[in-house]
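Remarks on the structure that follows.
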Amino acid sequence: MSTDPKTLPGADPHTGNREIDPVTGYDTTGHDWGGIKELNTPFPKVALAALALTVIYSVIAWILLPAWPLGRDYTRGVLGLDQQAMAEARLRNLTDLRAGWLNRFEDPDFAALSDDPALMALAMPAADRLFQDNCSACHGRAGGGGPGFPVLHDTYWLWGGAPQDIALTLQVGINADHPETRWAQMPAFDWMADEELSEVSDYVAAMRSGEADPDGAAATLFAENCAACHGEGGVGGLMNGAPSLVDDAVIYGQDADTVMTTLLNGRQGLMPYWSDRLSDAEINALALYVARMSDAAGSTPSGATE
Amino acid sequence: MAVTATLTSTERQIGIAISAGLAVLGLAMAAVAKTGPMALHGGMALVLGLALVFHLGGALYDQPEPSARRQAEYYDAPTRFGIVMTLIWAVTAMGVGVWLAALMYWPEATPPVPATSFGRMRPVHTSGIIFGFGGNALIATSFYVVQRTSRARLADAVSPWFVLIGFNLFCVWAATGYLMGQTQSKEYAEPEWYADLWLVVVWVTYFALYIRTLARRAEPHIYVANWYYMSFILVVAMLHIVNNLALPVTWGAGESYTIWTGVQDAMIQWWYGHNAVAFFLTTGFLGMLYYFLPVRAQRPIWSYRLSILSFWGIVFFYMWAGSHHLHYTALPYWVQTLGMTFSVMLLVPSWASAGNAIATLNGAWHKVRDDAVLRFMFVAAVFYGLSTFEGSFLAIRPVNSLSHYTDWTVGHVHSGTLGWVAMIVFGAIYSLVPKLWGRADMAWPRAVEWHFWLAITGTLIYVVSLWNAGITQGLMWRAYDEGGALSFSFIESVEAMLPYYAARTLGGALFLTGAVLCALNCRATMRAAGDRVDEADRPLVPQPAE
């Protein structure tokens, strides 16, 4: 390429001067691409300095941290950091921090645990996180339940509402894969005659308000087919997963249509078991938290959702 | 003038042969697959191929031969088609985006069928914007720019049509495949093997056309915009081929296994993913910026040297940066360190481009004030600078520990795509549409001003709300109380998002409104096409007939 300025593109062939941009005072490079020209502005020093800074930053990072591959190994960095070890150390710190209060929950002496206000002040907010992250998707943020998912903040329980009962439910689940799971099934009564089904549905729907006729044919059908699990008069409380039919609480609904659906198809709700995901101490903290939900509801049960 | 009239009868015959080939390919795909997305996609190719055969066949003898003078003119018909497709994809994919944003706030606001579930529609939005909107805009403008800056006509008249129609077929295959549940599960590389193979053919044709046109240039040097466009075409081909290497389960179904495994697969995917951002969403659009901004401002590029520094800096550093997507994962620490440091070094070349563009406006600031089209390009350069700074910042490992997996990332991406990519595309479209449809100005000049303010307001609302959302999420997720337990449950961090998700939906809706206005404005301009011709806008040396 010629270095004679007079032969450069865009140069005046006599003086060698190129077009000067009146705004910036720089000459152009002489290129012209369909009307686009370029100024011959030198590199701004600030750009080179900034580039140098980022390179210095990078070199320092390469010296301090694991950075460049060396065949089967890599430069370890003078800080000797290892992300696996760092992550484990952080987890261990948190575990140690939690151990101060969480280990006390390994002993399920719930009365003693509840009587320690300092412990409760640390443990119950943590149990609330556990509840929200693990339980609330089905049972609701405040334990309000929903169709198919029992209310937890009232005083009605299928398998007992004492902390140790709740802890066992959490450990083994209901109809879950755990070998010792709590097991409950509402069988289908689809073999019943239509008019019998209809009578029982109306009877069960009326039980809640105490208006069911105790002498009708439906009462006999109920005694023969339902009372074994739901108790005489449907009062429940047999700790077998069959709910009371005379209180305010419902799981699937207690209007005649829903009862009919239940009778025709049966019900077999599933509560997963948590002993593989949560530690015993965490389960006990959570059990106490859930028990206290219904204690807070006190003697005035909040009753049913749906 | 009908498009077919721009082709000689020989070119029409070649077009018929290629279209017939496409129809046969479609028939074969449908026959082999019999059912499922691949069969439907084969049917689409069959119908498209037959339609083109009839369209070209009907014109074969009816349309007059193009004038011999055509070699002394630029070939802009493909660019016009590409702009129309850009607008269609813009409205469609941005519309899906606003729908998805609304679903974050109203999760039930979608018909209860699989095709309209969030997971299937999300890639329709991302692919529709990146490939449909961005890709068509890049191809259309690259044809325009390479001709002007080379002062040469496109090397032939058939391959630009093959590239554009083939590329849009790929985009439609992709979007409809997602809705039917077809995906490779690789982000931004979801289309299955047969669509990927088809894109390779299209892309190689594109690259060949570009190189052949450059080879005919009447200027001694190659303008920097063409370097950027070429890096876009070449590197996207490389990324696409490597990341999509896969074994089909059978030849009769759009299902495949990637050949990469484990953390290597993750690394290849994010080498692809980040360089898709680099070479699809950055270098191509820098090519656009380097042409349309100086032309609109009527100013020389501020610094030739800075252009060169930025180009090679961006091309070199970006290649290393992908691993910053995998901080704190199974990826070895040393790869993360390299990704982080190269991302930081990338900042200066990126800012050099943004600064070069902004400094080019020296002496033209009154035009930025008065001309909404130039203002689109100015704002694009500013957002390019902001987004690249944010990107380098987020790539720093400890910063990433806060931002990763949060909506900050989504906000960052949209600061780039709305603020930078879409703004420069709209600037280019408003420059091109009047010119290519023979008019002095858009049909509704005031609507351009409205579009600008809708777009900038929408972008700012969107980006600021997701910054807040992401930082809030990151801080809530990492907060522990004095007892070492999490301070917040996950659902609390979801509830905290509600105001931000509402605001981002509003921001997106404003941006979409502007895009719809743009599409209507362009349609009105196209319908009121004039016969203005710029006599100076011609190839420098008439090329010999093909």
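FYI, it's all coordinate maths here, none of it is from the lab. Just so you know, these numbers come straight off a predicted model, no measurement behind them. Cβ coordinates were reconstructed from backbone atoms using ideal geometry, including for glycine residues, and neighbour counts include every protein chain displayed.
At a glance:
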quantity: Residue among B:PHE167, B:GLN182, B:ALA140 farthest towards the positive dipole end of region B:98-215, charges placed on Cβ; calculated: B:ALA140
quantity: GNM result for chain A, Cα springs below 10 Å: residue of A:HIS153, A:HIS31, A:HIS178 fluctuating most strongly; calculated: A:HIS31
quantity: Integer Hz, Karplus 6.51/-1.76/1.60 couplings in order for region B:126-143, x for Gly and Pro; calculated: 5, 5, x, 6, 5, 8, x, 6, x, x, 4, 4, 5, 5, 4, 6, 5, 4
quantity: Given charges at Cβ of Lys, Arg, Asp, Glu: the protein assembly as shown dipole, positive-most of B:VAL113, A:ALA52, B:GLY26; calculated: A:ALA52
quantity: Per-residue ³J(HN,Hα) for region B:85-100, Karplus 6.51 cos²θ - 1.76 cosθ + 1.60, θ = phi - 60°, Hz, x for Gly and Pro; calculated: 5, 4, 5, 4, 5, 4, 5, 5, 6, 5, x, 4, x, 5, 4, 5
quantity: Reciprocal mean inverse distance between Cα atoms of region B:115-162 - Kirkwood radius, Å; calculated: 12.8
quantity: Dipole moment magnitude, nearest 20 debye, region B:76-527 about Cα centre, only Lys, Arg, Asp, Glu C-beta charged; calculated: 1780
quantity: Averaged over B:283-293, number of beta-carbon atoms from partner chains that fall within 10 Å; calculated: 1
quantity: Folded to 0 to 90 degrees: helix A:256-265 orientation relative to chain A principal axis, Cα; calculated: 80
quantity: Kirkwood hydrodynamic radius (C-alpha pairs) into Stokes-Einstein, region A:129-297, 10 °C and 1.306 mPa s, D in µm²/s; calculated: 94
quantity: Amide hydrogen neighbours beyond the local backbone of A:ARG267, cut-off 5 Å, H modeled; calculated: A:MET186
quantity: With 10 Å bins from 0: P(r) over region B:14-147, alpha-carbon pairs, percent; calculated: 11, 22, 34, 22, 8, 2, 0
quantity: Radius, Kirkwood style, for region B:372-440 when every pair of distinct Cα atoms is counted (Å); calculated: 13.3
quantity: Net charge dipole size for chain A [Lys, Arg +1 and Asp, Glu -1 on Cβ; Debye, nearest 20]; calculated: 2280
quantity: B:ASP370, B:ASP156 arranged by Cβ crowding within 10 Å, fewest neighbours leading; calculated: B:ASP370, B:ASP156
quantity: Cα Rg, Dmax (largest Cα-Cα span) when computed across chain A, Å; calculated: 37.5, 124
quantity: Region B:188-302: equivalent-ellipsoid semi-axes (sqrt of 5 x gyration tensor eigenvalues, Cα, Å); calculated: 34, 16, 10
quantity: Region B:454-529: GluC sites (Glu not before Pro) falling in loop per DSSP and having at most 11 other Cβ within 10 Å; calculated: B:GLU482
quantity: 222 nm mean residue ellipticity, helices alone, for the protein assembly as shown (DSSP H n ≥ 4; -39,500 (n - 2.57); rounded to 500); calculated: -19500 deg cm²/dmol
quantity: Bins of 20 Å, starting at 0 and running to the largest distance - Cα pair percent for the protein assembly as shown; calculated: 13, 36, 29, 16, 5, 0, 0
quantity: Lysine-lysine proximity count for the protein assembly as shown, Cα under 28 Å, sequence distance 8 or more or distinct chains; calculated: 6
quantity: Under DSSP loop assignment and at most 12 Cβ neighbours within 10 Å, longest trypsin sites (Lys or Arg not before Pro)-free interval of chain B; calculated: B:35-531
quantity: Sparse-neighbour loop sites [GluC sites (Glu not before Pro); region A:201-290; at most 15 other C-beta within 10 Å; DSSP]; calculated: A:GLU211
quantity: Fraction in percent of alpha-carbon pairs per bin - 20 Å, chain B; calculated: 21, 56, 22, 1, 0
quantity: Cut-off under 5 Å, modelled amide H: who pairs with A:GLY146 long-range; calculated: A:VAL151
quantity: Sparse-neighbourhood loop sites, chymotrypsin sites (Phe, Trp or Tyr not before Pro) in region A:138-194 - DSSP loop, at most 12 other Cβ within 10 angstrom; calculated: A:TRP191
quantity: Phi to ³J(HN,Hα) by Karplus 6.51 cos²θ - 1.76 cosθ + 1.60 over region A:285-296, Hz, x for Gly, Pro; calculated: 4, 5, 4, 5, 4, 5, 4, 6, 4, 7, 4, 5
quantity: Positive-end residue, chain A charge dipole about Cα centroid, Cβ charges, pick of A:VAL151, A:MET207, A:LEU64; calculated: A:LEU64
quantity: Cα-centre dipole for the protein assembly as shown with unit charges at Cβ (Lys and Arg positive, Asp and Glu negative), debye to 20; calculated: 5660
quantity: Placed amide H near B:ALA246: partners under 5 Å, 5+ positions off or other chain; calculated: B:ILE259
quantity: Dmax and Rg, reported as Rg then Dmax, of region B:358-398 (C-alpha, Å); calculated: 13.7, 43
quantity: Chain A, relative contact order [Cα under 8 Å, separation at least 6], %; calculated: 19
quantity: Computed Kirkwood radius, in angstrom, where 1/r is averaged over Cα pairs of region B:1-73; calculated: 13.2
